[in-house]
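The values are calculated or read from the model by the stated rules, or taken from the named source; none is laboratory data. Source: prediction; values computed, not measured. All Cβ positions, glycine included, derive from the backbone under ideal geometry; neighbour counts span all protein chains shown. Side chains included, ligands, DNA and RNA excluded: accessible areas come from the protein's heavy atoms. Shrake-Rupley method; radii C 1.70, N 1.55, O 1.52, S 1.80 Å.
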Amino acid sequence: MYSEEKFPKDFLWGGAIAANQAEGAYLEDGKGLSIADGFPDGFRGRFDYPLQENTYYPSHEAIDFYHHYKEDLALMEGMHFNAFRTSIAWSRIFPNGDETEPNEKGLQFYDDLFDEMLKRGMEPVITLSHYETPMHLAMEYGGWTNRKLIDYFLRFCRVVFERYGKKVKYWMTFNEINNMRRTPRNAGAVFVKPEENLDQAIYQASHHMFVASALAVKLGHEMMPGAKIGGMFSLSNVYPNTCNPQDVFETLELRRSSLFFSDVMMRGKYPKYIYRIWDQKNVNVQMEEGDLEIIAQYPCDYLAFSYYRSTTHVYGEPFCGHTGGDQGTPNPYLQSTPWGWQIDPLGFRYTLNELYDRYQKPLFVVENGLGQIDEIAEDGKIHDEYRINYTREHIRAMKEAIKDGVELMGYTYWGPIDIISAGTGEMKKRYGFIYVDKDNEGHGTLKRMKKDSYDWYAKVIKSNGEDLD
Ligand code: BG6
C-alpha cells in the first residue's frame, strides 16, 4: 500500500469562530470600535460611522462569548476538540490601533481564553486580523491603503507574540485576504469615495498587507521558535459552466484573480499575470525599496483556507463574491442551501488537490460548514441530519484527498456554535453543533443547547475521522 489511508495521528480537529462574530462586549474592558461594529446587516450591507441611534448592530453582543467562553469551551471539549480557532480582536489590544501602549485588560482576556483552551486539550489556532481592523485606523488613516498600518499591525503582532508565544503555536495573518478583490471594506478596511479608482485602492492596500504579513512571519519566527504562521484564503471552487473554451479560459482568469493572493504569500513573489490585470485596471502600486525582498524571504509556512461551496462561470456573465467564496451561475448538478450556497464535497477534494499541486505546502482547512435554518422539533431538540450529511461528505472528501497525496494539517469546522453571520449579520443562518437561543433581532436567552450533530461530530473526532456513520 503506497497511499495514506487514514488521517494523520496528530491531525488537528476542531472548530473555528471569529472574535467579532462571537464575543460581543464590544466596548467592554477598554475595547475600541472595530469596523465590524459598524455593519447592522453584515458585511454585505450598509456601513455606519458614526453609529446610529436605535439601530441593532449584531456584533455588539453577538453570542456574548466574552462572558460564556468557559461554558462554550467545555462544550467543545465534549466533542474532543484538540484545536480551536478564533481571532484576537485587534481593538481590544489597541483600541484605536495607533496607541503605543496596549490595553492590559484586553490582553488578560486572551490570556484567560487561551489558558482555558489549553486546559481543555485544545491548541489555540489564532487569526491576527479577521475582518476587524480598528475603526479609527479605517476612518482616520484610510485602512490598509495607508502604509502606516504596517507599523501599527506589527506593533500589535509584537505584543501578542510576546504575550502568547508560549501558548499559541498556530497563527494566521489576515483572514481570507483574497476577499480584498471583492469585499475590500471588511477584508482591508478600504472605504473609497465613488470618484476614486477602487482597484487602485484594493491592490495598494493588498501590497501593504503582503508586506505586513511577511514581516509578521519574520517577527513570529524570531520571537517564537517553532511557531507556524499561515496565510488564509477563501478558496471555494469555480468550474467553467461548459467546455466552451471561452468559459474555460475566463474561469482560469477568475480563479487566478483569487489565487493571486496565495501566489504572492506562499511563493513569495508577484506572479507575472497580475501586471496585465493592473494595466487593464489602470493600477499603479507604489512599492518601497526592499518590499519585494521581504515578500520573497518570508512566505507563509502553511496555507489555511475556507471552502464552503462551488459555482460555475459562463463567459461574459457577471460574477460576484461575498463570504463563502465566489458566486456565478448555478450548477444544475448541485443542491443549494436557502442562501444559494451550492453543496459540493467533490469540489472540496478538487480544491485540496489543486492547492497542494500548486504550492506543495501543508494545507489547513480552517473553515468549512453548513449554514442552515434550524427548527426546534416537538421533542425540544434539533435534528440536523442535513448538517451531519454535509460534514460527513466533506470529511470523506478530505480523506480521499489525503489518499491522493495531499498533506493536510487539520480541519476546524466553521461555527461549531451558532454565531452571527459575517455576510448578513443574521443568527438565523446557523452553522453550529450547538444552538444558541438568539434571533435576528437580538432577542433570546443566549442559552446553549446541543443539536444532534454534536454527538456525531464528537464520535468522528474520537475515532480520528474513521467513524463517519
Ligand atoms: C468566511 C468568513 O468568509 O465565511 C467567516 O471567514 C464567515 O467570517 C464565513 O462567517 C461564513 O459566511 P457567513 O456569511 O455565512 O457568515
In the range 8-22, which residue that is assigned to a loop (DSSP other than H, G, I, E, B) and under 14 Å from Y131 (Cα atoms) is nearest to the ligand (Cβ to nearest atom)?
-> A18
What do you reckon, is P271 more than 30 Å from W414 (Cα to Cα) and more than 16 Å from the ligand (Cβ to nearest atom)?
-> yes
Considering only the range 401-434, how many residues are among the aliphatic types (A, V, I, L, M) and within 12 Å of the ligand (Cβ to nearest atom)?
-> 4
Failed condition for M398, given (1) more than 16 Å from the ligand (Cβ to nearest atom); (2) open to solvent by 10 Å² or more (accessible area, probe 1.4 Å); (3) more than 23 Å from T173 (Cβ to Cβ), with all others met?
-> (2)
Among residues belonging to the range 36-60 that are within 16 Å of the ligand (Cβ to nearest atom), over 20 Å from L446 (Cβ atoms) and hydrophobic (A, V, I, L, M, F, W, C), point out the one that is modelled with the lowest pLDDT.
-> F43
Search result, residues across the range 41-86 that are of a type in the set (V, I, T) and open to solvent by 20 Å² or more (accessible area, probe 1.4 Å) = T55
Within the range 447-461, residues among the basic types (K, R) and either free of Cβ contacts under 8 Å to residues at least 40 places away in the same chain or open to solvent by 10 Å² or more (accessible area, probe 1.4 Å) (or both) come out as K447, R448, K450, K459
Among the listed residues G410, G444, G425, G465, which satisfies the condition of being assigned to a loop (DSSP other than H, G, I, E, B) and surrounded by 22 or more Cβ atoms within 10 Å (Cβ to Cβ)?
-> G425
Does G231 satisfy being among the small types (G, A, S) and either at pLDDT below 95 or part of a loop (DSSP other than H, G, I, E, B) (or both)?
-> no
Counting only residues in the range 294-332 that are of a type in the set (F, W, Y) and within 16 Å of the ligand (Cβ to nearest atom), the one surrounded by the most Cβ atoms within 10 Å (Cβ to Cβ) is identified as Y307
Checklist (1) in contact with a Pro (Cβ under 6 Å, 6 or more places away or on another chain); (2) open to solvent by 10 Å² or more (accessible area, probe 1.4 Å); (3) not aliphatic (A, V, I, L, M) applied to W90, failing item | (2)
Answer yes or no: is there a residue in the range 193-209 that is of a type outside the set (D, E) and modelled with pLDDT under 95.
-> yes
Which one of the conditions (1) part of a helix (DSSP H, G or I); (2) charged (D, E, K, R); (3) surrounded by fewer than 16 Cβ atoms within 10 Å (Cβ to Cβ) does D247 fail to meet, given that it meets all the rest?
-> (3)
Restricting to the range 365-385, what's the tally of residues that are surrounded by 14 or more Cβ atoms within 10 Å (Cβ to Cβ), touching a helix residue (DSSP H, G or I) at 6+ places or on another chain (Cβ under 9 Å) and within 16 Å of I417 (Cα to Cα)?
-> 8
Residue satisfying condition, being part of a loop (DSSP other than H, G, I, E, B) and either of a type in the set (D, E, K, R) or more than 14 Å from the ligand (Cβ to nearest atom) (or both), within set E354, E378, E393 = E378
With the condition kept exactly as written, say whether any residue in the range 370-386 is at positive phi and either among the acidic types (D, E) or free of Cβ contacts under 8 Å to residues at least 12 places away in the same chain (or both).
-> yes
Identify the single condition in (1) assigned to a loop (DSSP other than H, G, I, E, B); (2) more than 14 Å from the ligand (Cβ to nearest atom); (3) of a type in the set (G, A, S) that G340 does not satisfy, given that it satisfies every other one.
-> (2)
Of all residues in the range 161-193, which are in a loop (DSSP other than H, G, I, E, B), more than 16 Å from the ligand (Cβ to nearest atom) and open to solvent by 10 Å² or more (accessible area, probe 1.4 Å)?
-> G165, K166, K167, K169, F191, V192, K193
In the range 333-364, what count of residues is obtained for those that are open to solvent by less than 30 Å² (accessible area, probe 1.4 Å) and acidic (D, E)?
-> 1
Have a look at S257, S262, S213, S206 and point out the one that is within 21 Å of the chain's Cα centre (by Cα), more than 30 Å from F161 (Cβ to Cβ) and surrounded by 14 or more Cβ atoms within 10 Å (Cβ to Cβ).
-> S257
Of those in the range 437-449 that are in contact with an Asp or Glu (Cβ under 9 Å, 6 or more places away or on another chain) and closer than 30 Å to P184 by Cβ, the residue nearest to the ligand (Cβ to nearest atom) is N440
Within the range 429-438, can one find any residue that is at pLDDT 95 or above and under 22 Å from M232 (Cα atoms)?
-> yes
Any hit, the range 87-103, residues being among the aliphatic types (A, V, I, L, M), more than 21 Å from A189 (Cβ to Cβ) and modelled with pLDDT of 95 or more | no
